[in-house]
Amino acid sequence: MTEGDIERARRAQPTITEKDMERARKTNRMPTDAELGRVPISGSPKIDALPQPRFSAPIDLEALAKGYASQSDAMSQAQGLVSGPGLLVFVSLSMPEATLQRLVDQAARAKASVVIRGLVNGSIRDTASRVQGLIGQRQVAVQIDPQAFDRYTIDRVPSFVLVRDGTRATACATGLCVPSDGFVRAAGDVSLGYALEHMQRAAPRFAKDANGFLKRLKG
């Protein structure tokens, strides 16, 4: 770019003079106070008519924490992570209500733990409400544990997992892993008692552990 190019570009730009600015001020002047006073004022907005935010009872985090702590202990026992054998019943809250009620009742009597994969509608509140309505007054541990579905290779519900006494989970890439010879699994729309009896027949080395749960279930 030469000096001549710059000069031509400068001449091509419009020059704004004081007269131009004065004409613009007269053409687009601000209204006077008298003119503003003659403008009709519409009614004030009605605050009560505006959309109001929805308020709901706050989630009691302390109660949730206490509930989780108590269920965590029961879950550890059910998985055989503390002492003794463990029994897990894997379900989905979308299963038929009659099936869920039957399995929850059987799990409560056998001292097994019910495991679900995730939250209802992605909501802790909806899940807690659904679970509470399901278990009622029964004393049964219900745990949300998607890793347990992977740990025991659960690909259908209901599924039943019996963890043998003395089995210990170890740390691994997915969190905790259980030796393949430490548990036996059964699946199908059957009762907990039928699943335990099937385990006794299919895996005799688990017969003693299964028998303990069967006695509580039938007792």
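The values are calculated or read from the model by the stated rules, or taken from the named source; none is laboratory data. Remember, predicted model here, so these are calculated numbers, not experimental data. Reconstructed Cβ throughout: ideal geometry from the backbone, glycine too, with neighbour counts over all protein chains shown.
Which numbered condition in (1) within 25 Å of the chain's Cα centre (by Cα); (2) of a type outside the set (A, V, I, L, M, F, W, C); (3) assigned to a loop (DSSP other than H, G, I, E, B) is the only one that Asp189 fails?
(1)
Look through Val161, Val190, Val178, Val140 and report the one residue that is among the hydrophobic types (A, V, I, L, M, F, W, C), crowded, with 17+ Cβ neighbours inside 10 Å and out of contact with any helix residue (DSSP H, G or I) (no Cβ under 7 Å at 6 or more places or on another chain).
Val161
I'd like the full set of residues that are hydrophobic (A, V, I, L, M, F, W, C) and part of a helix (DSSP H, G or I), limited to the stretch 126-148.
Those that are hydrophobic (A, V, I, L, M, F, W, C) and part of a helix (DSSP H, G or I): Ala128, Val131, Leu134, Ile135, Ala148.
Output the qualifying pairs, or none if there are none: Cβ atoms under 9 angstrom, residues six or more apart or on different chains, first residue in the stretch 155-179 and under 29 Å from Ser94 (Cα atoms), second residue outside any loop (DSSP other than H, G, I, E, B) and at pLDDT below 85.
Val163/Ala78; Leu176/Thr170; Cys177/Thr170; Cys177/Ala171; Val178/Thr170
Of all residues in the stretch 82-125 being part of a loop (DSSP other than H, G, I, E, B) and β-branched (Val, Ile, Thr), which is surrounded by the most Cβ atoms within 10 Å (Cβ to Cβ)?
Val91
When you go through Arg151, Arg156 one by one, which is the residue that is of a type outside the set (A, V, I, L, M, F, W, C) and modelled with pLDDT of 95 or more?
Criteria check complete, one pass: Arg156.
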